[in-house]
Amino acid sequence: MNTRQTSAMQRIRHNTGAWHALMIGIMLLGPAVFPTAATEPLRQAPQPLKPSTHGVGRLVDPMLFTDIKGQAHALAEANSEVRLTAFCLTSTSCPLSRKYLPTLARLASEAAAGVRYVLINPIASDSMQAMKESAAQADEAIYVHDPDGELTRRLGGLTTTDVIVVDAARTIVYHGAVDDQYGLGYSRSEPRRHYLADALDALLDGKRPVVAATAAPGCDLGCEPRLSSETNLTYHGQIARIIQQNCLECHHSGGLAPFPLETYEDLVAHAGMVETVVSNRTMPPWFAADSRSEGVDPVAHQLVWANDRSLADADRNNLLAWLQSEHPAGEAANTPLPVQFPEVWQIGTPDAIWEFAEPQPVQATGVMPYQYVTIETNLAESKWVQAIEVQPGNPEVVHHVIVTVREADESATQADDAEETNLWAAYVPGQAVWQYPDGFAKALPKNARLIFQMHYTPNGTATTDRTRIGVIYAKTPPQHEVRVRGILNHRIQIPPNASRHREEASLRLPVDATILGFLPHMHLRGTACQYSILDHTGNTKTLLDIPRYDFNWQLLYRYAEPKPLRAGDTLQFTAWYDNSADNPANPDPTETVRWGQQTFEEMMLGYVEYFLPDVPPGTQPERSLNPRRRRRQPPNRASSLEAAFYRLDRNQDGLLSRNELPAKLRPQFESLDANTDGGLTLEEARRFRR
């Protein structure tokens with residue numbers, strides 16, 4: 001579109017009626033209206049948006065409105081049994097609104113107790129007769145004409161199919177599309193995603209929706225949202241809602257954080273500390289760079305990561321302004337509803353729970369090597385697992401837990417090998433739950449063993465730990481099997497006093513794979529990392545950039561929309577390390593640091609969570625990111641040394657890294673590594689016999 005066309009459309013947009021007519025023309029005429037490059041975005045299904053930038057969590061002013069029958073209603077009525085109100089924008093002259101009317105009518109007729117539907121028509125020129133006919137079709141909903149757009153603006157409505165769900169405390173808890181059945185330039189026989197229905201089910205169950213905000217197709221109303229008339233920031237107005245949306249996940253009674261922030265008194269008592277960690281962006285813990293590295297328009301607030309914890313700029317500014325003020329409380333009537341947290345399991349009541357048979361002793365001081373604990377599942381049949389939660393028995397001394405699965409007929413392998421190539425579940429700071437939507441699950445074979453790698457950090461008092469794991473089984477066999485693979489480099493070598501040392505690892509995809517998320521893992525010297533893709537055409541693109549890695553918060557970054565990759569693409573994982581004295585966490589800047597399990601050593605391990613779109617769950621393709629290991633046999637079994645070499649070569653690359661050697665032989669590694677490339681060839685290994 002050229003500059004003249006853009007300017008003309010901007011002028012039209014200020015005239016709501018003309019813009020409405022233009023969008024109707026686009027929907028009726030379809031792809032022929034604009035060239036292909038301009039049409040493709042119109043065909044896009046509703047995209048997830050960052051909730052806090054789309055009004056979710058905001059307070060709505062109290063208001064009265066009158067339906068087309070002349071009956072008055074309130075946004076939130078005292079002593080009402082209405083828990084949730086779904087305000088659904090509609091129009092009798094918008095083709096998409098007309099398509100969605102039967103869906104809204106059905107949803108209203110099937111609404112659960114405590115849910116009401118209000119259909120709002122903000123188009124001044126729609127006829128009253130047509131609206132009455134629509135109201136008769138959706139007779140279980142309240143139908144309101146909003147010709148001046150006041151109600152629409154107060155709710156923050158943007159298009160003629162937009163839905164805003166408000167709870168009994170006048171807080172917006174969902175803002176987005178009904179589903180993905182209809183859109184600009186496309187129509188499906190059935191929806192694939194039921195955004196509104198799923199959100200309401202979660203909210204009625206006391207949970208946050210998995211998707212709390214999306215774009216909604218339809219005619220752009222050109223309205224400027226005006227959610228609240230509050231001019232002075234108050235705790236009960238906006239601040240409590242910002243805290244609820246961004247902090248209470250950890251800062252609640254019994255939560256992971258050291259103190260709760262559930263009340264006004266809690267926040268005032270810790271105002272100084274909260275201001276510090278919000279100002280320096282330590283909190284909320286989220287370290288992915290701006291989504292613009294993904295090519296996303298930042299103005300659109302498209303959600304790249306489903307579990308994005310970052311604080312929106314407007315919320316950060318408002319929270320800091322309030323923390324630096326006299327902390328006005330505001331009207332108690334505006335207080336949001338309290339957030340309910342699970343008392344025991346975040347995933348809900350597990351179908352199965354396994355716990356350490358005996359308490360594991362944890363020494364008072366010093367450094368403990370990793371402890372390995374095996375639990376027999378004794379499963380009579382194989383299971384598909386949709387949710388996993390790892391719970392440390394003693395969180396004060398458990399730094400992280402890595403769980404791998406060994407099949408009953410599988411011979412014992414070194415535990416750290418399985419950890420690097422086939423992570424099944426984990427507890428790391430900021431990540432204890434592994435949960436998947438319907439259609440996705442992880443395999444748990446019959447009679448499988450769960451291998452727990454335990455990293456204990458003594459805290460000054462001798463104690464014990466009994467970690468446990470809970471799972472929820474999928475109700476039906478999945479469409480896709482969730483798998484995990486690590487991209488790693490055993491040969492990292494970080495020089496003494498290096499302040500920004502770079503290491504790289506890569507994985508060429510032998511098959512098509514769809515990426516669900518990433519979990520990078522380094523130790524105390526790790527400062528930054530990045531995942532990128534070198535595609536089959538030779539183009540490189542950044543997938544995830546973490547400019548400030550924090551060992552204390554090892555987060556999973558899960559895509560809002562999974563990213564498909566093709567066979568021949570190469571996933572690249574790059575990491576940077578600070579081994580200088582300026583790194584306050586550095587155990588010893590004078591050491592050359594190599595791969596090792598302990599935190600005073602280092603790792604370069606970029607986990608990738610994925611599924612294979614063309615491979616049925618439960619089967620192993622001929623070519624896979626995680627092939628079943630077949631030990632390479634020495635040529636003609638020439639000697640016991642060669643047999644030992646191939647047995648120790650766990651990643652089967654023809655070289656022995658320092659970490660692959662038995663501990664008693666590692667001190668000789670440097671003297672045997674003749675070309676100092678960080679790996680021993682078979683010929684170099686022969687020196688062990690001399």
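Some notes on this structure:
- Annotation: of all residues in region 60-98 being of a type in the set (Asp, Glu) and free of Cβ contacts under 8 Å to residues at least 60 places away in the same chain, the one that is surrounded by the most Cβ atoms within 10 Å (Cβ to Cβ) is GLU77.
- Meets criteria (crowded, with 20+ Cβ neighbours inside 10 Å and at positive phi) for ARG170: yes
Residues are listed down the side, and each one gets a yes or a no for (1) within 18 Å of ASP315 (Cα to Cα); (2) at pLDDT 90 or above; (3) in the same structural domain as GLN244 (by TED's automatic domain parsing); (4) not aromatic (Phe, Trp, Tyr):
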position	(1), (2), (3), (4)
PRO258	no, no, yes, yes
ASP266	no, yes, yes, yes
ALA269	no, yes, yes, yes
VAL274	yes, yes, yes, yes
VAL278	yes, yes, yes, yes
ARG281	yes, yes, yes, yes
SER291	yes, no, yes, yes
VAL299	yes, no, yes, yes
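- Within region 435-450, the presence of a residue that is modelled with pLDDT of 85 or more, assigned to a strand (DSSP E or B), farther than 19 Å from LEU516 by Cβ and touching a His at 6+ places or on another chain (Cβ under 9 Å) is excluded.
- The set of residues in region 451-463 being under 30 Å from the mean Cα position of the chain (by Cα) and outside any loop (DSSP other than H, G, I, E, B) consists of ILE451, PHE452, GLN453, MET454, HIS455, TYR456.
- Filter pass, VAL304 being assigned by TED's automatic domain parsing to the domain that holds GLN431, at pLDDT 90 or above and either within 30 Å of PRO617 (Cβ to Cβ) or under 25 Å from the mean Cα position of the chain (by Cα) (or both): no
- Between TYR549, TYR559, the distinction of being outside any strand (DSSP E or B), closer than 30 Å to PRO284 by Cβ and not assigned by TED's automatic domain parsing to the domain that holds ALA441 belongs to TYR549 only.
- When region 199-212 is limited to residues that are over 18 Å from PRO338 (Cβ atoms) and surrounded by fewer than 17 Cβ atoms within 10 Å (Cβ to Cβ), the one that is modelled with the highest pLDDT turns out to be ASP201.
- Of all the criteria given as (1) assigned to a strand (DSSP E or B); (2) surrounded by fewer than 20 Cβ atoms within 10 Å (Cβ to Cβ), the one not satisfied by TYR531 is (2).
- Region 570-588 - residue that is part of a loop (DSSP other than H, G, I, E, B) and crowded, with 19+ Cβ neighbours inside 10 Å and, of those, modelled with the lowest pLDDT: ASN586
The values are calculated or read from the model by the stated rules, or taken from the named source; none is laboratory data. As the structure is a computational prediction, the values presented were derived from the model and not from experiment. Neighbour counts run over all protein chains shown; Cβ positions are idealised from the backbone, glycine included.
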